[in-house]
């Protein structure tokens, strides 16, 4: 995560519905405490959220 080598994870809630709840309630707060997951968004657009430069 620190080197931006991870770009996402596949979640399959139809196979493991409890896993989504575990991620939201347990994993995200743990990553936020470690400083590797945002606690708020910087902007209002998807480009902002993905830390991409503005167009134009």
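The values are calculated or read from the model by the stated rules, or taken from the named source; none is laboratory data. Treat the numbers as computed from the prediction; the structure is a model and nothing was measured. When we count neighbours, we look across all protein chains shown, and the Cβ atoms used for this are built from the backbone with ideal geometry, even at glycine.
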What are the residues in the stretch 25-35 that are under 10 Å from the mean Cα position of the chain (by Cα) and assigned to a loop (DSSP other than H, G, I, E, B), if any? none
Within the stretch 9-24, residues at pLDDT 75 or above and either surrounded by 10 or more Cβ atoms within 10 Å (Cβ to Cβ) or under 11 Å from the mean Cα position of the chain (by Cα) (or both) come out as 19, 20, 21, 22, 23, 24
Residue match in the stretch 36-47 (condition: out of contact with any helix residue (DSSP H, G or I) (no Cβ under 9 Å at 6 or more places or on another chain), in a loop (DSSP other than H, G, I, E, B) and surrounded by 10 or more Cβ atoms within 10 Å (Cβ to Cβ)): yes
